[in-house]
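Each remark here refers to the structure printed beneath this line.
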Amino acid sequence: LSKDSGGNTYRFYDQLTQESIEKNFALEAALGLALANQELYLNYQPIVNVAKQVVAAEVLLRWSHPTLGNVSPVEFIPIAEKSNLIIKIGHWVLEQACEQLKTWEASPVLGQIKLSVNISAKQFLYINFVQELREILARTGINPSLLKLELTETAVIDNMDDVIHKIGILRQMGVRIALDDFGIGHSSLVYLKKLPVTQIKIDQSFVHDVLTDSNDAAIIQMVLAVGKTIHCDIVAEGVEQVEQFELLREFGCDYFQGYYFSRPVNVANFEQFVSAS
Ligand code: C2E
Ligand code: MG
Ligand code: MG
Ligand code: MG
């Protein structure tokens, strides 16, 4: 509008940047109200064993905004992280997950289901994280070993000492830890043995081409070998085909998650899925 001397490419880029800044700003403002307006809810994606029985679920956050529609966590979690909203939102997710475990406690079938909750680096490193989780566990009175926290590799490796310390306390409390999206980012197997994690989740990018890419297959077999030596169980994420499931099972994978078994679903559908499996 103001400068017609500048190159089109530059102006186009500039405008796009400006638009995305404004969009993120609007999303951040809306996200700040999402909890109070009850726009957030949880989905559950089954995690199955080698016999295809559901043993656990990953808790996945969903946001349904009246005018923006359904916003993906891939879009809003980074905004929540940058703005510190993740601390409040993450606390709410943990609380909901523990209350759900409490609801299932007396059921012979659902009472066995474990829940895995994604924890952002910023949330995990927050000074009161452990104390607040301790309070949620005390209030709900659930068995802490039914709760697993999923941390990403990158978050862990950038803050090794603090993370090792906190994981140690959590393990003493009975809470379990999974390393999420394993294999991507600047991962190093050396770090792995320092971390008192109980589970490794192989990133779905390796599972995606496991049938056709021998490098991906080799990486998965290597992770499995290392995982076994450090007494971690291994989950394959993003299993979409029966052939992938069968090959991964042959490799010695313990648990599986992906669209082949079920997409993330609401709690009623998850309960139905468990009783039917
Ligand atoms: P993630 O923790 O790695 O979760 C797995 C993602 O893979 C989920 O995406 C799930 O829907 C998707 N997925 C599962 N099976 C398949 C499959 O077979 N094929 C494909 N293509 N995708 C599959 P979703 O729900 O969109 O979540 C994306 C990411 O957002 C999560 O990745 C996690 O990093 C983050 N996230 C979700 N909920 C929370 C939360 O409560 N707190 C935090 N901090 N992050 C969360
Ligand atoms: Mg996860
Ligand atoms: Mg993952
Ligand atoms: Mg992921």
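Restricting attention to region 50-80, and to residues there that are hydroxyl-bearing (Ser, Thr, Tyr) and over 23 Å from Glu271 (Cα atoms), which single residue is most open to solvent (accessible area, probe 1.4 Å)?
Thr67
State yes or no: is Asp161 without any contact (Cβ under 8 Å) to a residue 12 or more places away in the chain, more than 16 Å from ligand 4 (Cβ to nearest atom) and buried (at least 17 other Cβ atoms within 10 Å of the Cβ)?
Spelling it out, it is not the case that Asp161 is without any contact (Cβ under 8 Å) to a residue 12 or more places away in the chain, more than 16 Å from ligand 4 (Cβ to nearest atom) and buried (at least 17 other Cβ atoms within 10 Å of the Cβ).
Return the residue satisfying two criteria in turn: it lies in region 193-231 and is in contact (Cβ under 8 Å) with a residue 40 or more places away in the chain and part of a helix (DSSP H, G or I), and of such residues it is nearest to ligand 4 (Cβ to nearest atom).
Gln204
Return the pair list, or none, for Cβ contacts closer than 6 Å from residues in region 35-49 that are within 19 Å of Ser72 (Cα to Cα) and without any contact (Cβ under 8 Å) to a residue 60 or more places away in the chain to residues that are open to solvent by less than 10 Å² (accessible area, probe 1.4 Å) and not in a loop (DSSP other than H, G, I, E, B), at least 6 apart or on different chains.
Glu39/Trp63; Leu40/Ala34; Leu40/Trp63
Give Val242, Val226, Val265 a once-over and let me know the one that is within 16 Å of the chain's Cα centre (by Cα), open to solvent by 20 Å² or more (accessible area, probe 1.4 Å) and more than 16 Å from ligand 3 (Cβ to nearest atom).
It is Val265.
Please go through region 30-61 and give me each residue that is part of a strand (DSSP E or B), of a type outside the set (A, V, I, L, M) and closer than 21 Å to Ser145 by Cα, ordered by number.
Correct list: Asn43, Tyr44, Gln45, Pro46, Glu58.
What single numbered condition from (1) open to solvent by less than 70 Å² (accessible area, probe 1.4 Å); (2) modelled with pLDDT of 95 or more; (3) touching a helix residue (DSSP H, G or I) at 6+ places or on another chain (Cβ under 9 Å) fails to hold for Gln96?
Condition (3) is where Gln96 drops out.
Being surrounded by 14 or more Cβ atoms within 10 Å (Cβ to Cβ) and in contact with a Phe, Trp or Tyr (Cβ under 8 Å, 6 or more places away or on another chain) narrows it down to one residue among Lys148, Lys166; which is it?
Going through Lys148, Lys166 in turn, just one is surrounded by 14 or more Cβ atoms within 10 Å (Cβ to Cβ) and in contact with a Phe, Trp or Tyr (Cβ under 8 Å, 6 or more places away or on another chain): Lys166.
Would you mind stating whether Gly183 is of a type outside the set (A, V, I, L, M, F, W, C) and either more than 16 Å from ligand 1 (Cβ to nearest atom) or in contact (Cβ under 8 Å) with a residue 60 or more places away in the chain (or both)?
no
The values are calculated or read from the model by the stated rules, or taken from the named source; none is laboratory data. Small disclaimer: the values here were computed from a predicted structure and weren't measured. Backbone-built Cβ (ideal geometry, glycine too); neighbour counts: all protein chains shown. Just the protein is used for accessible areas: all its heavy atoms, side chains included, with ligands, DNA and RNA removed. Shrake-Rupley method; radii C 1.70, N 1.55, O 1.52, S 1.80 Å.
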